[in-house]
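Chemist: Quick one: the structure is below, and I'll ask about it shortly.
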Amino acid sequence: MAKTRSRWQSLPTEAINPASLAIDKLDAGGIVDIMLAEDRRMLAAVHKERDRIALGADMCAKALRKGGRLVFVGAGTSGRLGVVESAEMPPTFGTDPLLVQGIMAGGQGALIRAKEGSEDNYEEGARAITRLDPTKKDVVIGVSASGMTPFVRGALTSARQASARVVFVTCDPRNELQAFVDLTIAPAVGPEIIAGSTRLKAGTATKLVLNMLTTSAMILIGKTYGNLMVDVNALGSDKLRDRACRIVHIVTDLSYEEADALLKRARWNVKIAIVMQKTGLTYAKAQARLRKSDDRIREAIGEDIEARLRAVLRGET
């Protein structure tokens, strides 16, 4: 067989998987079995990056505490995952939409219709970051399964020139960008069951890594009380208003109806409602106490929630 010259041929994300050579001869159950087996290997690869993921989460939390932003940048599946991650922060953690942003090669239209050629535009990646006017307070997280996407490389180069911190999430541990960025997180997931289809193991591994980076950072800056979503955007939907009422009920022991009334007085801010109930303070003074406590409920009211949550699990409240 004649050898071909290819920039991508040697990439682990383009390799042929020996476990799925005859996958087109299998029934649906056999295909699912192979996918489950490969996903177990993927989870092990992500676990090996545990310390790097934790380091990245600390980096993100420190940036947010200093008024910085998190910016995800990618193309294709990697870009969509970054955009999804950023879109889910405001309803879950009550953040400003500009605090965590996602940039995708090809723009918003590429979210629902693939624009494959856009990933090759190094200059547009650089411009996309420059338009955000990054600073040293920000963390820019480049996401590229192969590690070769020019759009992402351009964006990270622009971020570095602006002195922003740079994190690179890839599935190629050998990638030479490791010497250029502050931190590389590189789960070695190996070849996909369909060669080159990085929406599979690589995409799932990337989703896990991004989930851990953002969720850990939000917890570290006080966006939860125990494991309760106390910064939920309660005005987002009926479901979220219901969740807010249930959280206030759990923490304060008010009835559901009383919690609803308290939240209305607290302008549907769960944290302020809890501080008001626990301290007897007015809205303005509860808000001031939270601010003085670095927006952490535990410090503002001087109570731990774990024992109460265990009682809820036992059905005692």
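The values are calculated or read from the model by the stated rules, or taken from the named source; none is laboratory data. Keep in mind the model is a prediction, meaning the values are calculated, not measured. With ideal geometry, Cβ positions are generated from the backbone for all residues, glycine too; neighbour counts draw on all protein chains shown.
Chemist: Test A63 against the criterion of being part of a helix (DSSP H, G or I), in contact (Cβ under 8 Å) with a residue 60 or more places away in the chain and in contact with a Pro (Cβ under 8 Å, 6 or more places away or on another chain), and give yes or no.
Modeler: Considered against the rule, which asks whether it is part of a helix (DSSP H, G or I), in contact (Cβ under 8 Å) with a residue 60 or more places away in the chain and in contact with a Pro (Cβ under 8 Å, 6 or more places away or on another chain), A63 comes out as no.
Chemist: Another question about this same structure. Could you give me the residue pairs with C-beta distances under 9 Å whose first residue belongs to region 153-166 and is more than 13 Å from F72 (Cα to Cα), whose second residue is of a type in the set (K, R) and modelled with pLDDT of 95 or more wherever it lies, and which are 6+ apart or on separate chains?
Modeler: Close Cβ pairs satisfying both conditions: A162/K136; S163/K136.
Chemist: Among the residues that make up region 216-232, is at least one of them crowded, with 19+ Cβ neighbours inside 10 Å, modelled with pLDDT of 95 or more, in contact with a strand residue (DSSP E or B) (Cβ under 9 Å, 6 or more places away or on another chain) and over 20 Å from K66 (Cβ atoms)?
Modeler: No, region 216-232 has no match at all.
Chemist: Right, here's the next one. Take R314 and decide whether it is under 23 Å from T95 (Cβ atoms) and not hydroxyl-bearing (S, T, Y).
Modeler: Spelling it out, it is not the case that R314 is under 23 Å from T95 (Cβ atoms) and not hydroxyl-bearing (S, T, Y).
Chemist: Let me ask something else about it. What number of residues within region 198-257 are among the small types (G, A, S), in contact with a Leu (Cβ under 7 Å, 6 or more places away or on another chain) and more than 28 Å from A188 (Cβ to Cβ)?
Modeler: 3
Chemist: Does region 249-268 contain any residue that is under 22 Å from A217 (Cα atoms) and either in contact with a helix residue (DSSP H, G or I) (Cβ under 7 Å, 6 or more places away or on another chain) or surrounded by fewer than 17 Cβ atoms within 10 Å (Cβ to Cβ) (or both)?
Modeler: No, every residue in region 249-268 fails to be under 22 Å from A217 (Cα atoms) and either in contact with a helix residue (DSSP H, G or I) (Cβ under 7 Å, 6 or more places away or on another chain) or surrounded by fewer than 17 Cβ atoms within 10 Å (Cβ to Cβ) (or both).
Chemist: Moving to a separate point now. From the list L98, L55, exactly one residue is in contact with a Lys or Arg (Cβ under 8 Å, 6 or more places away or on another chain) and in contact (Cβ under 8 Å) with a residue 24 or more places away in the chain. Which is it?
Modeler: L98
Chemist: Additional query: Does I185 satisfy the criteria of being closer than 20 Å to L43 by Cα and either touching a Pro at 6+ places or on another chain (Cβ under 6 Å) or in contact (Cβ under 8 Å) with a residue 24 or more places away in the chain (or both)?
Modeler: yes
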